[in-house]
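The values are calculated or read from the model by the stated rules, or taken from the named source; none is laboratory data. Note that this is a predicted model, so its numbers are computed, not measured. Backbone-built Cβ (ideal geometry, glycine too); neighbour counts: all protein chains shown.
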Amino acid sequence: MSLLDRHRAVMPGWMPVYYGDDALEIVSGSGRRVTDARGRSYLDFFGGVLTNMIGYDIAEVSDAVRRQIDTGVAHTSTLYLIRQQIELAEKIARVSGIPDARVFFTNSGSEANESALLFACNVRRSNQILAIKNGYHGRTFATMAITGHRSWSSSSLTPLTVNWLSSADRLRGRMAGLSDGDLLDAAVDDLREVLATVTAGDVAALIAEPIQGVGGFVHGPDGLLGAYRKVLAEHGILLIADEVQTGWGRTGEHFWGYQAHGVTPDLITFAKGIGNGFALGGVVGRAEVMNAVPAISFSTFGGNPVSAAAGNAVLDYVLDHDLQGNAKRVGEILLGGLRSLPATILAEVRGRGLMIGLEFVRPGTTEPDPATTVRVFDLCREGGLLVGKGGLYGNVLRLGPALTLTEEEAREGLAILTDSIATADA
Ligand code: PMP
């Protein structure tokens with residue numbers, strides 16, 4: 001029985017696996033490359049959904065983790081002091097941009113958002129949340145409720161009352177030709193309209209991804225969250241930035257996605273890249289919000305010593321090697337190269353730094369073309385490049401390579417993408 005058949009026999013049927021009958025088993029990795037069970041090597045432009053943030057087999061991370069394992073202690077409950085965890089919290093608080101910040105560690109992005117919602121709802125004594133259509137925040141009950149697309153949100157049973165804002169790209173699509181300023185006005189009008197339908201004072205928080213990840217790397221104009229914030233502040237509504245994909249310099253221009261918006265959130269959630277593969281997530285936020293939970297709340301594994309050791313090494317690596325600067329530099333090569341492609345099937349190349357989305361349509365129309373998207377996706381793999389898929393209509397390819405990507409690797413990936421798109425466009 002093949003590994004895929006064994007997967008199908010034992011895993012629930014809804015679990016997505018890329019490449020269908022030709023599913024990939026990655027057995028090793030080095031730098032920005034992975035090798036599959038058949039010995040084929042691929043340049044990885046997706047990093048396990050932006051999780052492999054600084055590359056594979058990075059000595060600083062492996063050594064830090066090994067040192068922790070060598071102590072004989074892989075896990076101590078958070079009921080005891082964990083040096084690695086406290087050090088990491090101090091660093092994250094320092095880079096968060098939030099004065100007097102507190103940090104709570106979890107094992108995943110879903111748990112991070114679940115916790116942020118818990119803190120916000122407690123301090124505001126409300127279970128009403130504002131969320132943005134086409135957003136993705138996780139797969140627990142509360143995070144599914146605020147995930148704005150049916151095929152990802154799997155349940156309509158929810159502990160929250162959710163009010164939806166239009167995503168900026170939908171507003172842009174609906175009102176073609178809008179300037180960024182007009183778009184900001186339209187988005188703020190949309191927020192005011194939604195608040196007029198609820199008892200605004202009862203809303204706990206707005207949660208938003210500075211750039212929508214699973215939604216297809218969609219972002220509104222700079223300043224959007226800041227413009228929302230002015231209205232939210234009139235009602236005491238908190239702002240939660242979900243930086244699970246956008247944090248740690250990935251967008252090149254800024255360390256956090258929120259910094260493009262002229263606003264500091266009350267809470268920031270993080271996960272994925274900070275562990276570079278080890279399970280690590282969390283919330284960093286204003287002390288008065290973080291402290292609002294009335295009863296003791298903890299996480300057995302959140303910020304365990306092994307994951308925290310990885311997190312410390314990863315964050316040091318990002319800062320010491322100016323990976324934000326590299327993401328900007330190398331991202332511009334990719335963005336520039338992709339934007340100059342003549343393809344009729346490629347409607348838009350968008351993104352920031354090393355977070356780049358390619359949107360595919362039927363030639364000469366604005367009609368999403370998921371079939372062509374899958375074709376390019378498969379051709380990339382045949383050519384030796386792993387990329388991701390996404391978007392509300394499944395017609396976006398997502399590039400999120402490690403922030404250590406070199407210029408040569410960017411050009412190599414660009415050549416494979418160029419050939420794959422040209423073949424699909426023929
Ligand atoms: N928020 C965002 C923006 C995400 O992209 C994801 C994962 N794709 C999550 C939250 C949930 O993270 P996890 O899968 O680690 O629970």
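List of remarks:
- Conditions (1) touching a Leu at 6+ places or on another chain (Cβ under 8 Å); (2) closer than 23 Å to Arg229 by Cα; (3) modelled with pLDDT of 95 or more; number of the one not met by Asn107: (2)
- Of the residues making up segment 73-97, those that are closer than 22 Å to Ala260 by Cα and crowded, with 21+ Cβ neighbours inside 10 Å are Ile92, Ser96.
- Number of positions in segment 246-267 that are among the hydrophobic types (A, V, I, L, M, F, W, C) and either within 14 Å of the ligand (Cβ to nearest atom) or under 18 Å from Phe104 (Cα atoms) (or both): 3
- All positions within segment 298-325 that are of a type outside the set (Gly, Ala, Ser) and in a loop (DSSP other than H, G, I, E, B): Phe298, Thr300, Phe301, Asn304, His321, Asp322
- Scanning segment 343-400 for residues that are surrounded by fewer than 18 Cβ atoms within 10 Å (Cβ to Cβ) and polar (S, T, N, Q) yields Thr344, Thr365, Thr366.
- Restricting Val198, Val214 to those that are at pLDDT 90 or above, assigned to a loop (DSSP other than H, G, I, E, B), outside the structural domain of Ile356 (by TED's automatic domain parsing) and over 20 Å from Thr264 (Cα atoms) reduces the list to Val214.
- Among the residues of segment 142-159, not a single one is touching a Leu at 6+ places or on another chain (Cβ under 9 Å), at positive phi and without any contact (Cβ under 8 Å) to a residue 60 or more places away in the chain.
- Residue within segment 8-18 that is surrounded by fewer than 17 Cβ atoms within 10 Å (Cβ to Cβ), within 22 Å of Leu280 (Cα to Cα) and of a type in the set (A, V, I, L, M, F, W, C) present: yes
- Of all residues in segment 268-281, those satisfying the criterion of being within 13 Å of the ligand (Cβ to nearest atom) and either outside any helix (DSSP H, G or I) or over 14 Å from the mean Cα position of the chain (by Cα) (or both) are Ile268, Thr269, Phe270, Ala271, Gly277, Phe278, Ala279, Leu280, Gly281.
- Hey, Phe104 touching a residue at least 24 places away in the same chain (Cβ under 8 Å), more than 22 Å from Val283 (Cα to Cα), within 16 Å of the ligand (Cβ to nearest atom) and aromatic (Phe, Trp, Tyr) or not: no
- Within segment 273-302, the set of residues being at pLDDT 95 or above, of a type in the set (Val, Ile, Thr) and more than 16 Å from Gly109 (Cα to Cα) comprises Val289 only.
- Which numbered condition Ala176 fails, given (1) at pLDDT 90 or above; (2) of a type in the set (A, V, I, L, M, F, W, C); (3) assigned to a loop (DSSP other than H, G, I, E, B); (4) farther than 30 Å from Ala308 by Cα: (1)
- Screening the candidates Glu243, Glu234 for the property of being of a type in the set (Asp, Glu) and within 16 Å of the ligand (Cβ to nearest atom) yields one hit, Glu243.
- In the condition set (1) under 27 Å from Arg286 (Cα atoms); (2) surrounded by fewer than 23 Cβ atoms within 10 Å (Cβ to Cβ), Leu183 is compliant with all but (1).
- Residue identified as within 17 Å of Ile82 (Cβ to Cβ) and either buried (at least 20 other Cβ atoms within 10 Å of the Cβ) or in the same structural domain as Phe104 (by TED's automatic domain parsing) (or both) among Val330, Val306, Val318: Val306
- Lone qualifier among Ile98, Ile86 - being within 26 Å of Ile240 (Cβ to Cβ) and in a loop (DSSP other than H, G, I, E, B): Ile98
- Qualifying residue in segment 113-120 (condition: assigned to a loop (DSSP other than H, G, I, E, B) and in contact (Cβ under 8 Å) with a residue 40 or more places away in the chain): no
Yes/no per residue for (1) part of a helix (DSSP H, G or I); (2) more than 21 Å from Gly388 (Cβ to Cβ); (3) touching a Ser or Thr at 6+ places or on another chain (Cβ under 6 Å):
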position	(1), (2), (3)
Gly285	no, yes, no
Glu288	yes, yes, no
Ala327	yes, no, no
Leu334	yes, no, no
Pro342	no, yes, no
Gly357	no, no, no
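A quick yes/no check of all residues on (1) within 16 Å of the ligand (Cβ to nearest atom); (2) of a type in the set (Val, Ile, Thr); (3) closer than 20 Å to Val123 by Cβ:
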site	(1), (2), (3)
Pro159	no, no, yes
Ser166	no, no, no
Leu183	no, no, no
Ala186	no, no, no
Leu191	no, no, no
Thr199	no, yes, yes
Leu206	yes, no, yes
Glu209	yes, no, no
Val214	yes, yes, no
